[in-house]
1. For a quick check of your reading of the model, give me the residue pairs whose first member lies in the stretch 14-42 and is free of Cβ contacts under 8 Å to residues at least 12 places away in the same chain, whose second is in a strand (DSSP E or B) and surrounded by 14 or more Cβ atoms within 10 Å (Cβ to Cβ), with beta-carbon atoms closer than 8 Å and at least 6 apart or on different chains.
2. Going by what's in this entry, would Val81 be described as within 15 Å of Thr15 (Cα to Cα), touching a Pro at 6+ places or on another chain (Cβ under 9 Å) and surrounded by 14 or more Cβ atoms within 10 Å (Cβ to Cβ)?
3. Testing Gly30 on (1) farther than 24 Å from Gly84 by Cβ; (2) modelled with pLDDT of 95 or more, one condition comes back false. Which one is that?
4. Take the stretch 59-76 and flag every residue that is of a type in the set (S, T, N, Q) and either touching a helix residue (DSSP H, G or I) at 6+ places or on another chain (Cβ under 8 Å) or farther than 16 Å from Ala27 by Cα (or both).
5. Among (1) within 10 Å of the chain's Cα centre (by Cα); (2) modelled with pLDDT under 95, where does Arg9 come up short?
Amino acid sequence: MHTDSRLQRPRMTLTEMPTGAAGRIHALNGAVEVCQRLREMGFCESAVVQKISGQSTLLCQVCGMRVALGEGVAQHITVEVIRGAA
């Protein structure tokens, strides 16, 4: 987990974010094709994503849609936590 000294918000991969928490997407990492597909699904930088459930398969809400992602793909998404688990 990393912390941005300007905002003091923890950064982590989507897989590390606690269930129920929400985060703003900071970066997409990995192969160009994977990042492009994630953006097409709404996982764009600055979008807010909520992790609803899951460990090996994550159920997330982004852009008003629920999307299931495999753990391998979710590890390419770095988020800044903006709201902890409810």
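1. From residues that are free of Cβ contacts under 8 Å to residues at least 12 places away in the same chain, the pairs are Arg39/Leu28.
2. Details: within 15 Å of Thr15 (Cα to Cα): yes; touching a Pro at 6+ places or on another chain (Cβ under 9 Å): yes; surrounded by 14 or more Cβ atoms within 10 Å (Cβ to Cβ): yes.
Yes, satisfied.
3. So Gly30 meets the others, but not (2).
4. Gln61
5. Every listed condition holds for Arg9 apart from (1).
The values are calculated or read from the model by the stated rules, or taken from the named source; none is laboratory data. Not measured: the values here are computed from a predicted model. Because the Cβ atoms are built from the backbone with ideal geometry, glycine has one as well, and the counts that use them run over all protein chains shown.
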